[in-house]
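Structure first, then comments.
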Amino acid sequence: MPRTLSLYLGKMLLVRSLAFLGGLILVLQSLDLLQESSRILAVDGNGTSEILRYLTWRLPQLVTQFCRSPFCLDRF
C-alpha cells in the first residue's frame with residue numbers, strides 16, 4: 001500500500017475513534033449528571049460551579065474506563 005494512503009487511513013481511524021470516544025463520554029456524562037444533579041443541588045449554597053466541578057472530577061474516570069476496556073480481556 002502506498003505511504004500516502006496508509007497515512008490517510010491511519011489518520012482517519014484515529015480521528016473517528018477519538019470522535020466516537022468523545023461522543024460516548026458526552027452521553028455518559030450527561031446521564032451521570034442527570035442522576036447526580038439533585039444530590040449536588042440538595043446542599044445549600046451549591047450551584048452551577050459545583051456541578052461543573054463534579055463534571056471536571058468525573059471526566060478522567062470515564063475516559064480511563066473506556067480507554068482501558070478494549071484491552072482488559074482478562075475478565076472473561
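Surface analysis of the chain yields an accessible area of 85 Å² per residue, using protein heavy atoms and a 1.4 Å probe. Taking every pair of alpha-carbon atoms in the chain, give the share separated by more than 17 Å as a whole percent. That tail contains 61 percent of the Cα-Cα pairs.
Within the full protein context, the accessible area of E50 is estimated at about 50 Å² for a probe radius of 1.4 Å. What part of the accessible area of the chain, given as a whole %, is carbon or sulfur when the probe is 1.4 angstrom? Its accessible area is 67 percent carbon and sulfur atoms. Think of the chain as having a plus end and a minus end, set by charges on the Cβ of Lys, Arg, Asp and Glu; of L52, L9, F66, L9 sits farthest toward the positive end of this dipole. Around the Cα centre of the chain, unit charges on the Cβ atoms of Lys, Arg, Asp and Glu (plus for the first two, minus for the last two) sum to a dipole of about 460 debye.
The values are calculated or read from the model by the stated rules, or taken from the named source; none is laboratory data. On a predicted model such as this, the values are computed, not experimentally measured, just so you know. Cβ sites come from the backbone with ideal geometry, for glycine too, and all protein chains shown count toward neighbours. Ligands, DNA and RNA are excluded from the accessible area calculation, which covers all protein heavy atoms including side chains. Shrake-Rupley method; radii C 1.70, N 1.55, O 1.52, S 1.80 Å.
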